[in-house]
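**Q** Here's a structure for you.
The values are calculated or read from the model by the stated rules, or taken from the named source; none is laboratory data. As the structure is a prediction and not an experimental result, all values here were calculated from the model. Here the Cβ is made from the backbone with ideal geometry for all residues, glycine too, and neighbour counts use every protein chain on show.
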Amino acid sequence: MFDRAHDARVRAAAFGWLEEQIARHGDVLPRPVLAQGFLLGGVRIPLVGPQGIFKPQVLREVPLSITTAPHGPYDDSFGPDDLLRYRYRGKDPNHADNRGLRFAMERRLPLVYLHGVVPGKYLATWPVFVVGDDPQNLVFLVAVDDATHLGLQEIQRKSDKARSDVETARRAYITAAVRVRLHQRSFRERVLDAYHRQCAFCRLRHEELLDAAHIIPDTEPGGEPIVRNGLSLCSLHHAAFDRYFIGVRPDFVIEVRPDVLNERDGPTLVHAIQALHQSKILLPNKIGLRPGKELLEIRYDRFRNAVRGGTR
């Protein structure tokens with residue numbers, strides 16, 4: 001028999017533990033941390049396992065998390081309605097894992113969604129709810145909600161249409177925002193991986209201070225979230241690059257804007273900005289991951305316009 005109180009304790013503990021881990025590691029968590037999990041009543045509860053639909057031993061009926069692995073065997077994706085299409089385990093709708101997610105949908109129980117951004121690293125999002133079942137296409141429909149709507153207690157009856165409409169609209173909005181965040185984090189992790197997690201300008205290796213800078217902004221045509229359109233930069237050099245203090249030629253050579261190069265403003269400017277002039281950026285080992293020269297040409301033209309205009 002389903003023990004809702006026990007189930008709620010486990011989920012609440014999992015969500016609280018995830019908050020702690022994100023405060024410590026950032027919102028992209030390493031798999032060993034998730035596999036280690038947390039202790040509850042002397043029992044260790046992992047958040048991830050070998051299968052994408054994961055149910056720890058302390059939960060009998062319902063999974064605790066669903067995972068999308070980068071380059072995995074399942075084609076999980078967001079649809080035009082911004083709901084996640086999460087593939088069944090196998091092709092049997094009555095597989096135990098599929099039945100577990102169906103049970104979560106019927107009881108409206110919150111889950112953790114772990115999105116693999118690069119091998120071994122996952123963006124954790126919760127609570128997510130299974131809101132639809134499509135046996136014909138072998139997918140569940142999954143929506144994200146916010147922490148004030150965990151649903152760990154019994155909820156109002158389904159016939160409350162007004163409540164349902166508000167809930168649907170709220171979840172669609174939040175899921176769309178999460179979809180954007182997933183793409184942003186995936187882009188960052190792929191770019192940092194390509195540059196061996198160091199700044200392409202100064203080689204700084206403190207990951208907490210590194211960003212994935214777009215060569216062509218993602219708000220523009222051509223500004224795709226692909227590694228060829230990215231540079232791994234520390235926060236200082238990201239800001240300097242975005243504001244055209246620094247440019248990068250298509251041959252990967254750094255130029256500092258002349259007025260900045262001639263400025264006198266203390267050791268930080270001298271060593272962190274001016275000293276980069278005419279040096280080459282760090283490049284990924286794989287040629288296919290290096291900055292697109294056509295993209296650098298567009299960006300460098302803008303830098304030269306900033307030089308002519310004296311932009312600060």
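**Q** Please specify each residue of the range 42-55 satisfying the condition of being under 26 Å from Asn94 (Cα atoms) and surrounded by fewer than 20 Cβ atoms within 10 Å (Cβ to Cβ).
**A** Across the range 42-55, the qualifying residues are Ile45, Pro46, Gly49, Pro50, Gln51, Lys55.
**Q** Which of the numbered conditions does Arg24 fail, given that it passes all the others? Conditions: (1) surrounded by 12 or more Cβ atoms within 10 Å (Cβ to Cβ); (2) within 21 Å of Gly120 (Cα to Cα).
**A** Exception for Arg24: condition (1).
**Q** Which of (1) in a strand (DSSP E or B); (2) among the hydrophobic types (A, V, I, L, M, F, W, C); (3) surrounded by fewer than 16 Cβ atoms within 10 Å (Cβ to Cβ) does Ala275 not meet, given it meets every other one?
**A** Result: Ala275 fails condition (1) only.
**Q** Here's another thing I want to ask about it. I want to confirm something. Restricting to the range 242-262 and keeping residues that are modelled with pLDDT of 95 or more and either among the aliphatic types (A, V, I, L, M) or in the same structural domain as Val118 (by TED's automatic domain parsing) (or both), which single residue is surrounded by the fewest Cβ atoms within 10 Å (Cβ to Cβ)?
**A** Here the answer is Val253.
**Q** Within the range 19-70, track down each residue that is over 27 Å from Arg108 (Cβ atoms), assigned to a strand (DSSP E or B) and within 16 Å of the chain's Cα centre (by Cα).
**A** Val28, Pro30
**Q** Taking the range 263-272 as the region of interest, how many residues are surrounded by fewer than 11 Cβ atoms within 10 Å (Cβ to Cβ) and in contact (Cβ under 8 Å) with a residue 60 or more places away in the chain?
**A** Residues that pass the stated criteria total 0.
**Q** Restricting attention to the range 217-241, and to residues there that are at pLDDT 95 or above and more than 20 Å from the chain's Cα centre (by Cα), which single residue is surrounded by the fewest Cβ atoms within 10 Å (Cβ to Cβ)?
**A** The residue in question is Ala239.
**Q** Would you tally the residues in the range 211-222 being in contact with a strand residue (DSSP E or B) (Cβ under 6 Å, 6 or more places away or on another chain) and not acidic (Asp, Glu)?
**A** Result for the range 211-222: 2.
**Q** Quick one: what pairs do we get from the range 66-84, first residue at pLDDT below 70, second part of a loop (DSSP other than H, G, I, E, B), C-beta under 8 Å, 6+ apart or different chains?
**A** So the pair list comes out as His71/Pro119; Gly72/Gly52; Tyr74/Gly52.
Let's see how each residue does on (1) part of a helix (DSSP H, G or I); (2) within 17 Å of Ile273 (Cα to Cα):
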| site | (1), (2) |
| --- | --- |
| Glu189 | yes, no |
| His196 | no, no |
| Cys199 | no, yes |
| Gly222 | no, no |
| Leu236 | yes, yes |
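**Q** Asp259 versus (1) out of contact with any strand residue (DSSP E or B) (no Cβ under 9 Å at 6 or more places or on another chain); (2) touching a residue at least 60 places away in the same chain (Cβ under 8 Å); (3) outside any loop (DSSP other than H, G, I, E, B): which is the lone unmet condition?
**A** Asp259 satisfies all of (1) out of contact with any strand residue (DSSP E or B) (no Cβ under 9 Å at 6 or more places or on another chain); (2) touching a residue at least 60 places away in the same chain (Cβ under 8 Å); (3) outside any loop (DSSP other than H, G, I, E, B) except (2).
**Q** Further question: List, please: which pairs have Cβ atoms under 6 Å, are six or more places apart or on different chains, and start with a residue in the range 172-193 that is not assigned by TED's automatic domain parsing to the domain that holds Ala213 and end with one that is aromatic (Phe, Trp, Tyr) and outside any helix (DSSP H, G or I)?
**A** Arg179/Phe78
**Q** When you scan the range 200-207, do you find a residue that is on the phi < 0 side of the Ramachandran plot, in contact with a Gly (Cβ under 9 Å, 6 or more places away or on another chain) and of a type in the set (A, V, I, L, M), even just one?
**A** Scanning the range 200-207 turns up no residue that is on the phi < 0 side of the Ramachandran plot, in contact with a Gly (Cβ under 9 Å, 6 or more places away or on another chain) and of a type in the set (A, V, I, L, M).
**Q** For Leu39, indicate whether it is among the hydrophobic types (A, V, I, L, M, F, W, C), at pLDDT 95 or above and loosely packed, with under 14 Cβ neighbours inside 10 Å.
**A** Answer is yes for this residue.
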